[in-house]
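Contents: one structure, followed by commentary.
The values are calculated or read from the model by the stated rules, or taken from the named source; none is laboratory data. Only a predicted model underlies this, so the values are computations on that prediction, with no experimental measurement involved. No Cβ is skipped: glycine too gets one built from the backbone with ideal geometry, and neighbour counts run over all protein chains shown. Heavy atoms of the whole protein, side chains included, go into the accessibility calculation; ligands, DNA and RNA do not. Shrake-Rupley method; radii C 1.70, N 1.55, O 1.52, S 1.80 Å.
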Amino acid sequence: MKTPKDLRYTQTHEWVKVEDGHAYIGITDYAQDQLGEIVFIELPEESDDLEKGEEFAAIESVKAASDVMAPVSGVVNAVNEALEDSPELLNEDPYENWIVKVELEDESELEGLMSAEEYENMSKE
Amino acid sequence: MKRTPLYDEHVRLHARMVEYAGYEMPLQYTSIKEEHHAVRNRAGVFDVSHMGEIHIQGSEATDLLDHIFTNRVRAMTAQEIQYGFLTNEKGGVVDDLLVYKVNDEFYLLVVNAANKDKDFAWIKEKNNFDATVIDKTDSYAEIALQGPKAEEILQTYTETDLSAIRFFTFAEFEIADKSFLVSRTGYTGEDGFEIYGENDDVKMLFSRLLAENEKLLPAGLGCRDTLRFEAGLPLYGHEIDADITPLEAGYGFAVDLRKERFLGQDVLIRQKEAGLQRKVVGLELLDKGILREGYDVYHEDERIGRTLSGYLSPTLEKPLATAIVPMKNAKKGTIVTVKVRKRMLQARVRNKMFYRRKKS
């Protein structure tokens with residue numbers, strides 16, 4: 001299971017990558033593996049407000065629908081539209097294929113997120 | 001949690017295990033889609049040892065069964081199988097099951113794993129007959145070999161002519177030098193067999209079938225559900241339950257309203273005479289998305305029903321669902337709206353038997 005060192009993680013298996021005040025958000029390798037073949041993603045729209053801890057997207061695998069929770073609050077700057085036609089990209093490379101790019105509202109929210117090491121330890125349990 | 005006799009095989013095959021009805025069962029070995037397509041196009045083999053088996057034996061075994069089961073038990077001959085329901089006094093479904101007739105004084109019932117204890121208690125409670133009801137679940141292991149190549153594959157292991165075993169009949173014979181009970185039945189919409197036997201024998205057959213047949217894949221509970229869903233076969237707790245009658249669910253063929261009497265029969269007769277008020281239908285989503293169970297269904301802003309099962313169908317490659325709706329909205333082609341999380345999506349009513357295999 002891959003867990004890049006430069007990302008921050010949530011208990012609900014999302015990752016965050018911060019670049020120039022923006023946060024890219026996606027799901028982890030563990031999450032995509034648990035979900036199995038992803039067949040559809042319900043994406044938010046640009047300029048939607050994300051609230052930390054609230055669901056902002058839904059991922060449908062063959063078996064079931066799962067919510068994706070916002071690791072941080074902020075306004076959506078960009079949505080990865082490639083996922084609309086090719087949701088399987090999340091299975092193929094969950095770290096390259098972010099879901100949304102968000103303008104961070106409060107950088108201190110990042111402090112509550114897990115490091116790669118902490119996340120790996122949690123997922124092992 | 002309980003394990004079936006094939007547990008070690010699942011681990012060896014790297015299955016993803018999940019809890020189902022108190023058993024640790026394989027959800028998938030490689031992928032639900034791949035296993036689904038294998039069963040539709042070639043063959044797959046399932047461990048279904050979790051299913052419940054109940055024996056009804058004795059001089060009045062037929063009378064007991066006739067009293068609790070909706071189908072025409074008295075018309076059965078030995079080696080025949082019937083599908084039908086245990087119904088409650090309100091006509092709702094206690095369980096759906098297969099009844100295997102061994103002889104006039106011996107029947108084998110194969111019931112849902114999740115309902116087995118309830119069914120056993122129910123049948124015992126209704127047993128005012130000279131009959132014995134025995135829970136034999138732990139004495140049977142069972143695999144289902146399903147798909148267009150099922151007969152060809154199994155035939156290489158037995159002298160018995162499998163083409164002589166017609167749909168919904170069974171026979172007892174040797175496969176790979178061991179004794180099995182084999183029925184031409186299944187839960188996938190494909191041709192195939194359900195094979196019952198001793199734990200070690202079933203385990204041997206399962207591993208030999210997989211080792212010696214390239215065309216055959218092990219298939220998990222994940223595709224078992226997508227396959228039965230496409231074929232319009234009900235799953236207890238979804239298309240049928242204590243509140244949905246077999247008539248509303250569209251399985252009247254397995255309910256004999258003219259026979260002498262069974263539990264709930266009077267309610268079902270009245271329901272039929274008065275005309276059904278609601279019905280289980282198929283839905284095809286017209287907007288982008290996927291339907292799942294438990295979503296509210298609307299017609300012109302009025303909530304009219306709910307979805308019961310839903311998938312992006314692997315065979316049809318369309319988002320499909322079953323739903324229960326009022327009769328007046330059940331006509332094919334009716335446009336309804338389904339609430340998917342926060343979105344209202346359009347769907348069209350269609351026959352819930354989404355997939356029918358081509359007769360060879």
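Here are some notes:
- Boolean, B:Val39 is outside any loop (DSSP other than H, G, I, E, B), under 19 Å from the mean Cα position of the chain (by Cα) and within 15 Å of B:Ala113 (Cα to Cα): no
- Set B:Ala121, B:Ala78: member being in a loop (DSSP other than H, G, I, E, B) and among the hydrophobic types (A, V, I, L, M, F, W, C): B:Ala78
- Taken over region B:177-206, the criterion of being in a helix (DSSP H, G or I), in contact with an Asp or Glu (Cβ under 8 Å, 6 or more places away or on another chain) and open to solvent by 30 Å² or more (accessible area, probe 1.4 Å) is satisfied by B:Lys203 alone.
- Taken over region B:275-303, residues that are within 14 Å of chain A (Cβ to nearest Cβ) and of a type in the set (A, V, I, L, M) amount to 3.
- Taking every residue in region A:26-43 that is closer than 23 Å to B:Ser313 by Cα and more than 9 Å from every other protein chain (Cβ to nearest Cβ) and pairing it with any residue that is among the hydroxyl-bearing types (Ser, Thr, Tyr) and outside any helix (DSSP H, G or I), at least 6 positions away or on another chain, the pairs with Cβ-Cβ distances below 8 Å are A:Leu35/A:Ser61; A:Leu35/A:Ser66; A:Ile38/A:Ser61.
- Selection count, region B:29-43, where residues are crowded, with 24+ Cβ neighbours inside 10 Å and farther than 16 Å from B:Arg356 by Cα: 3
- For region B:125-138, the count of residues that are assigned to a helix (DSSP H, G or I) and within 29 Å of B:Gly44 (Cα to Cα) is at least one.
- Criterion (open to solvent by 50 Å² or more (accessible area, probe 1.4 Å) and either aromatic (Phe, Trp, Tyr) or without any contact (Cβ under 8 Å) to a residue 60 or more places away in the chain (or both)) met by exactly one of A:Glu60, A:Glu105: A:Glu105
- Which listed residue, of A:Glu19, A:Glu92, is within 16 Å of A:Pro4 (Cα to Cα), modelled with pLDDT under 95 and either surrounded by fewer than 21 Cβ atoms within 10 Å (Cβ to Cβ) or within 14 Å of another protein chain (Cβ to nearest Cβ) (or both): A:Glu19
- Test: residue in region B:312-321 that is more than 14 Å from chain A (Cβ to nearest Cβ) and either under 17 Å from B:Tyr251 (Cα atoms) or not in a loop (DSSP other than H, G, I, E, B) (or both): no
- Every residue from region B:283-321 that is touching a His at 6+ places or on another chain (Cβ under 7 Å) and open to solvent by less than 30 Å² (accessible area, probe 1.4 Å): B:Leu308, B:Ser309, B:Pro314
- Residues (over 11 Å from B:Val94 (Cβ atoms) and either at pLDDT below 95 or open to solvent by 60 Å² or more (accessible area, probe 1.4 Å) (or both)) located in region B:112-124: B:Ala114, B:Asp117, B:Lys124
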